Amino acid sequence: MEVKVAQLQPGCVMSKDVPGLTEVPLVKRNTVLNEEHLEFLKAFLVETVEVRPRLADGKTFVPGAVKEEPAVEEEQTASKETDVGEDYLSAVKMYKKLFESWKEGKAVDMSAVRSLFESLFEKIHHSPDYLLHLHHLNNKADYLYHHSVYVGILSAFLGKKLRLTEERSIQVGLCGALADAGMAKLPSAILRKTGSLTEEEYEKVKKHPIYSYKMLKGVPGVTDSILVGVLQHHERYDSSGYPLGVSAEKIHLFSQIVAVADMYHAMISERHYRPKRSPFQVLEEIEKERFGKLETKVVEMLVQSLVQSTIGSRVRLSSGQEAEVIFFDQQAPTRPMVKLSDNTIIQLVQEPKLHIEEIVKK
């Protein structure tokens, strides 16, 4: 029976090959479809396929109704992007004010911090592709505040993806946002420095998790999980981290999540000593870095969630060509399949010298 791709469901069995641009079919006859196959067929703009009248479990296949997708005006999309960008920049501005108050010795007001972030956490959860663009709003002078806001929203996003409860996801987001609060206790000369830190200065910076912990201890609304997460967010599984150099079994889940979010944003961001970098290249490096240092399931969730949100995006390759991301393989998510303007399909996993330089447009 011939049905539209939009009517398919996991468990459908192909009765005919789906032809591709080469001799190899996109999907072979007798394949039992899963969610990944369905996304793959949509990515290749396949409209109809031939399937068997029964599902793999023997039940009769009843094609679903095709829902008409409402057209989205470019102006509406641009407006939505602007709204999220403005909310993010507003949060950075407010966080900077809070940070300045902590430098003056004022206590952390957890209710103020929470009210600053909760709506932003929710918006990012529903529109994760913004996580691939917000670093463009950074400026080098205010990097510390951008970093705290971004690490907070990415930590909350990863918490939800890892199936934490709603409240726990918010808590790990707040943990990420406050992990560097202790930087307020460092000398201003270190915070403003644009060059490399001396060994003595770096040793002082490495104490900021302890300062953050002390600032938050006893504050109403700060849970034990937030406290431990803040203290341990620079610890690593091979005991090479700081400030305590603890081993893997002692590192809290919140710390594991914040550590990955912290590393990702630090690597993609423009700094005084380094230009901003491609999310794809950074994700690839973090994948390699995880072994022995980071929690694998958190890294995998970061990589797959962000790469999946780029399906349908226009990207610029290191060759200078523009292409559309059409499919990613879970075995090599940072090397997706892309389609050039002349419909040429490139599997980046087979082109090690070629990579995605920039995401141009969704």
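Determine whether ILE251 is over 20 Å from TYR143 (Cβ atoms) and β-branched (Val, Ile, Thr).
So ILE251 passes the test.
Assess whether PHE280 counts as being in a loop (DSSP other than H, G, I, E, B) and out of contact with any helix residue (DSSP H, G or I) (no Cβ under 6 Å at 6 or more places or on another chain).
no
Taking the options LEU253, LEU231, name whichever one is open to solvent by 30 Å² or more (accessible area, probe 1.4 Å), touching a Pro at 6+ places or on another chain (Cβ under 8 Å) and within 24 Å of THR165 (Cα to Cα).
LEU231
For region 186-193, check the following and say yes or no: at least one residue is surrounded by 15 or more Cβ atoms within 10 Å (Cβ to Cβ) and among the polar types (S, T, N, Q).
no
What helices (runs of 4 or more DSSP H) lie completely within region 162-230 and have 1 or more residues being without any contact (Cβ under 8 Å) to a residue 24 or more places away in the chain?
Correct list: 166-178, 188-192, 199-205.
If you take the residues in region 308-362 that are among the acidic types (Asp, Glu) and in a strand (DSSP E or B), which one is surrounded by the most Cβ atoms within 10 Å (Cβ to Cβ)?
The selected residue is GLU324.
Return the total of residues in region 281-304 being open to solvent by 10 Å² or more (accessible area, probe 1.4 Å) and closer than 18 Å to TYR150 by Cα.
1
Looking at region 242-256, which of its residues are small (Gly, Ala, Ser) and either touching a residue at least 12 places away in the same chain (Cβ under 8 Å) or farther than 18 Å from SER212 by Cα (or both)?
SER247, ALA248, SER255
Please determine whether any residue of region 153-161 is surrounded by fewer than 20 Cβ atoms within 10 Å (Cβ to Cβ) and under 19 Å from SER305 (Cβ atoms).
yes
For region 49-62, enumerate the residues that are open to solvent by 50 Å² or more (accessible area, probe 1.4 Å), more than 15 Å from LYS28 (Cβ to Cβ) and within 36 Å of the chain's Cα centre (by Cα).
ASP57
Out of curiosity, is TYR211 modelled with pLDDT under 95 and in contact with a helix residue (DSSP H, G or I) (Cβ under 6 Å, 6 or more places away or on another chain)?
no
Go through region 256-277 and report how many residues are part of a loop (DSSP other than H, G, I, E, B) and buried (at least 20 other Cβ atoms within 10 Å of the Cβ).
1
Hey, does region 66-80 have a residue that's among the acidic types (Asp, Glu), assigned to a helix (DSSP H, G or I), modelled with pLDDT under 95 and open to solvent by 90 Å² or more (accessible area, probe 1.4 Å)?
Yes, region 66-80 contains at least one residue that is among the acidic types (Asp, Glu), assigned to a helix (DSSP H, G or I), modelled with pLDDT under 95 and open to solvent by 90 Å² or more (accessible area, probe 1.4 Å).
Restricting to region 96-140, name every residue that is modelled with pLDDT under 90, open to solvent by 60 Å² or more (accessible area, probe 1.4 Å) and touching a Lys or Arg at 6+ places or on another chain (Cβ under 9 Å).
Those that are modelled with pLDDT under 90, open to solvent by 60 Å² or more (accessible area, probe 1.4 Å) and touching a Lys or Arg at 6+ places or on another chain (Cβ under 9 Å): HIS136, LYS140.
Sort through LEU227, LEU191, LEU244, LEU216 and tell me the only one that's more than 20 Å from PHE99 (Cα to Cα) and either hydroxyl-bearing (Ser, Thr, Tyr) or more than 19 Å from the chain's Cα centre (by Cα) (or both).
After applying the criteria, what remains is LEU244.
The values are calculated or read from the model by the stated rules, or taken from the named source; none is laboratory data. Quantities reported herein were computed from a predicted structural model and do not represent experimental measurements. Cβ atoms come from the backbone with ideal geometry, glycine included; neighbour counts cover every protein chain shown. Accessible surface areas use protein heavy atoms only, side chains included; no ligands, DNA or RNA. Shrake-Rupley method; radii C 1.70, N 1.55, O 1.52, S 1.80 Å.
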